[in-house]
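Participant: My questions will all concern the structure given below.
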Amino acid sequence: VKANKLKYTKREVKRADEAMELRRRLSFPADETLLKYQSIINIPITRKDIMRSIDIYGKDRNSIRGKRTKKKSKPIYMESVYKPSDIQQHINIDIFFIEGEGYLISVLTPLDFVMITRIKNRTTEALRAAVYHHLATAESENYEITHILCDGEKGFSAFFNAMRTAGYLINPSGPGQHVPVVERKIRVVKERVRATLQSIPYQLMFSLLRYLVEYVTLMLNFEPNSTREDPTSPYELFRGLKVDYKRQLRISFGDYAECHNPHITSNTVRRRTDPCLALLPTLNAQGSHLFYNLDTRSTCIRDTWEQLPFPADILRRCNNLAAHQRKKLRVQPTFAYEPVDEHNNYIEHVDDVDLFDNNPADTNTDSSSDSDSDDENDHNNNNDDDANAAVTNDSNAADDILENDRIRQEILIDNEMHQETDEYINPVDQYKPDDLYAEMPIDPSPQHRYSTRSKGPAEKPAPYKDGRTWVNTTISKSLKRLKKAIFHASLTIKQKNKFGVYTNMTVRQAIDKYGDKARKAVTDELQQLIKLKVLKFVKAHEIDPIVLKSRLPSKTFVKIKFDAAGLFEKIKARLVGGGHKQKRYLYSESETSSPTISLVGLYIVALIAADEGRTVITADVAGAYLRAFMKRLVLIEINKEESDILVELYPELEEYLDSRGKLTAECLKALYGLIESGRLWFELLSSTLIANGYVQNQYEPCIFNKWHEDEQVQSTIGIYVDDIIVTCK
């Protein structure tokens, strides 16, 4: 949109904005109808202004979201071409890396068809699965593979016997040599990945890199083969079908579109489309496309959509999603970074726990085969004998851990080699890699490895050449954590409290252990919720199923509290909402974060109080969060144990029980555990103080001051969540 505005003068852009406003005032008529409104007296815009607004902003998003209907399926016509499946093919395979993420590439010759599969690491298991997938793909189109050409990658050589048993002729290259056909294709893929990234007006999420590589590969197969006399592409020769612009090339990778949602009920007022980013065509006869849904944070397949220019809010959302991923994709990606772990396995970078499989690798590899003729040769990581040696540690436990891992590794390798030499593995039936076209969630939220209040960086492993130092440090920390856990397990509850170890129990555990005392603590907590009108109970079967699906779980934690002397004080219960299930992308950062007084600010308040001889009072607000009102609709599900207690206390709630004996309630006030509760409580407390004449400190938002004119004194209040310090002379 910003680029489209540069085509016109400021006056013309202003008139286009007025045309958009007129469209909204007229309740979003069709563009053709809007052009007929020139008969209105004193209308400030012209026909050209309306056409200019469409050129700048595209079709109105609100109109698309409100009016989009499902179109009837068009007749499917597929034009076939000659398919030379009778010609025997050779498959050339190799590995390359983009931003530390590995891909196995194979080229069928003389067909010149390229296939690429993302691999988790360079272990034998991962490489075998990818190679067998490519072989199965070729055989599914009735192409016979006779020769396999590859380099000296040890991950490949580990399953050569199984490939020979299956009838393939293996032709590995010599040490330091590569397969020329594949090397050229790797260079072209990297060039086009770079070019596509430059054309995207936002920062691409790292999780979508695999889709970009697949898209580039697909477009490369659409390109006519220069070695043939006719302009037939490798894709057409491989599939036996012509490439159709209206099916496979309807939209580019990364473009913004409003996609029709086929799951929306037609008689509701919900919007009919979702904002999505185009990924790649699914290559079906209907012309479907794989998209990334910006609302649900998942991939989806859609047939109907409306491509639009990028508005500012969509660009901000895309950049925000990329910025919040633990691994970020650079605008100028590197093709040489190949991370390894202490076993010399190449580490998989995973941002989305739901997207990839995290099974451990079985076999060690140590060679590097990725190179680029365009001066982009990836760095080869040579074996370091010392790095794989047992790590010297003063503790006998560390030696035992390393020895057990070594023995387990040898057993796994022996089992694998035995299986490869004595058993025949079916390449087609035995392995199935990740389905790239499956609709799956992609969580862009950051995965914190350290406290969110800490300003220090997360700990990262050192490069492989410094692996020994990193392994030493890691094992030492693990042993310390193990000793600490053993020590904590031997403590009594009183000792745990003394040493700062607190035990949280569920309602069932607490009642079984402490009986009526624990039950009374849970009852007091539930009665407090009713007394403060925190919950509004609703009947689950009367709620919209889509809204009910967003219902959050809840849990009541019971904890033993002791006084400063370590003596038993009371049993405390707290009902907590499952804020970890809330959709954070629906909230801004300011809605989910709440300030607290800094240590420096607290010291300054104490210093001023001591210097002026002020009286100091500290206070704790009981059930602080439960006094702030919610701004959004949040439903929670109450567990059966707590529901039984509530029905026993308030029999009228029995009609709200569902078939599983659980209660459903709407949170009217900020329940503990919800992501917005801390902010809502701070806003309530700060607004109350300001209404009573206190002034918020400009540099420390949790310190409030008030000058009392009658007494000629100043009072100061500092806030740390629900703990308050008050000083006054």
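Participant: Based on the mean of other Cβ atoms within 10 Å per residue, sort peptides 130-136, 580-586 so the most packed one is first. All intermediate terms of the calculation are to be shown ahead of the outcome.
Facilitator: Details: 130-136: 22.4, 580-586: 14.1.
So the peptides 130-136, 580-586, ranked by packing, come out 130-136, 580-586.
Participant: Among Asn639, Tyr625, Thr664, whose Cα lies farthest out toward the positive end of the dipole of the stretch 608-670, if unit charges sit on the beta carbon of Lys, Arg (+1) and Asp, Glu (-1)?
Facilitator: It is Tyr625, whose Cα lies furthest towards the positive end.
Participant: So what J values fall out for the stretch 306-313 if you push phi through Karplus, 6.51 cos²θ - 1.76 cosθ + 1.60 with θ = phi - 60°, rounded to Hz, Gly and Pro as x?
Facilitator: The phi angles translate into 10, 6, 10, x, 6, x, 5, 5 Hz.
Participant: In nanometres, what is the gap between the two model label sites at Gln712 and Glu589, each 7 Å from Cα along Cα-to-Cβ?
Facilitator: 4.7 nm
Participant: Under 8 Å for C-alpha pairs, at least 6 residues apart: give me the relative contact order for the stretch 594-723, rounded to a whole percent. Show your work: numbers first, answer last.
Facilitator: Details: 150 pairs, mean separation 41.7, N = 130.
Computed over the stretch 594-723, the figure is 32 percent.
Participant: Still on this structure, I have one more. Could you tell me the calculated FRET efficiency between Lys533 and Ala619, based on Cβ-Cβ distance and R0 = 22 angstrom, to the nearest 0.05?
Facilitator: Numbers: r = 23 Å, r/R0 = 1.06.
Calculated value: 0.40.
Participant: Oh, and also: Would you mind calculating the gained length between Val1 and Lys67 on full extension (0.36 nm times residue separation, minus the Cα-Cα distance), in nm to one decimal?
Facilitator: On the way: separation 66, 0.36 × 66 = 23.76 nm, distance 2.23 nm.
Going from the current span to full extension adds 21.5 nm.
Participant: Using a 1.4 Å probe and ignoring any ligands, DNA or RNA, find the accessible area of Met78 and quote it in Å² to the nearest 10.
Facilitator: Its heavy atoms expose roughly 100 Å² to the probe.
Participant: Along the Cα→Cβ direction, 7 angstrom out, place labels at Phe629 and His147. What is the inter-label distance in nm?
Facilitator: For Phe629 paired with His147, the spin-label model returns 7.9 nm.
Participant: Tyr8 to His541: FRET efficiency via 1/(1 + (r/R0)^6), r the Cβ-Cβ distance, R0 45 Å, to the nearest 0.05?
Facilitator: Numbers: r = 55 Å, r/R0 = 1.22.
In this case the efficiency is close to 0.25.
Participant: Charges only on Cβ, +1 for Lys and Arg, -1 for Asp and Glu: so what's the dipole of the stretch 665-729 about the Cα centre, in debye to the nearest 20? Could you put the intermediate results ahead of the total?
Facilitator: On the way: 4 positive and 9 negative charges, 11 e Å.
It works out to roughly 60 debye.
Participant: If amide H atoms are built 1.01 Å from N in the plane of the peptide, which residues on other chains or at least 5 residues away come under 5 Å of the amide H of Gly102?
Facilitator: For Gly102, the qualifying residues are Ile119.
Participant: In what sequence, highest mean first, do 314-326, 614-626 appear when ranked by Cβ atoms within 10 angstrom? Don't jump to the answer; show the numbers that get you there.
Facilitator: Values: 314-326: 17.3, 614-626: 14.3.
Averaged packing, sorted descending, gives the order 314-326, 614-626.
Participant: May I ask you to rank Glu18, Glu666, Glu542 by accessible area, largest first, using a 1.4 Å probe over the protein chains only? All intermediate terms of the calculation are to be shown ahead of the outcome.
Facilitator: Working: Glu18 65, Glu666 45, Glu542 130 Å².
Reading off the accessible areas and sorting them downward yields Glu542, Glu18, Glu666.
Participant: At a probe size of 1.4 Å, how large is the accessible area of Val179, to the nearest 10 Å²?
Facilitator: Here the accessible area works out near 10 Å².
Participant: Which FRET efficiency value, to the nearest 0.05, is calculated for Thr232 and Gln198 with the Förster distance at 30 angstrom and r the Cβ-Cβ distance?
Facilitator: Values: r = 30 Å, r/R0 = 1.00.
In this case the efficiency is close to 0.50.
Participant: Okay, moving on. Given the protein chains as shown and a 1.4 Å probe, how many square angstrom of Glu183 are accessible, to the nearest 10?
Facilitator: Spelled out: Glu183, probe radius 1.4 Å, area about 20 Å².
Participant: Taking a threshold of 32 Å on the Cα-Cα distance, which of the pairs Lys67/Lys669; Lys14/Lys328; Lys561/Lys581; Lys570/Lys662 fall above it?
Facilitator: On the way: Lys67/Lys669 36 Å; Lys14/Lys328 38 Å; Lys561/Lys581 28 Å; Lys570/Lys662 28 Å.
Checking Cα-Cα distances, Lys67/Lys669; Lys14/Lys328 exceed 32 Å.
Participant: What is the percent carbon and sulfur in the accessible area of the stretch 185-254, measuring with a 1.4 Å probe over the protein chains and ignoring ligands?
Facilitator: Details: 1310 of 2800 Å².
Roughly 47 percent, rounded to a whole number.
The values are calculated or read from the model by the stated rules, or taken from the named source; none is laboratory data. Keep in mind the model is a prediction, meaning the values are calculated, not measured. Every residue, glycine as well, gets a Cβ built from its backbone with ideal geometry; the counts of neighbours run over all protein chains shown. These area figures cover heavy atoms from the full protein model, side chains too; ligands, DNA and RNA do not enter into them. Shrake-Rupley method; radii C 1.70, N 1.55, O 1.52, S 1.80 Å.
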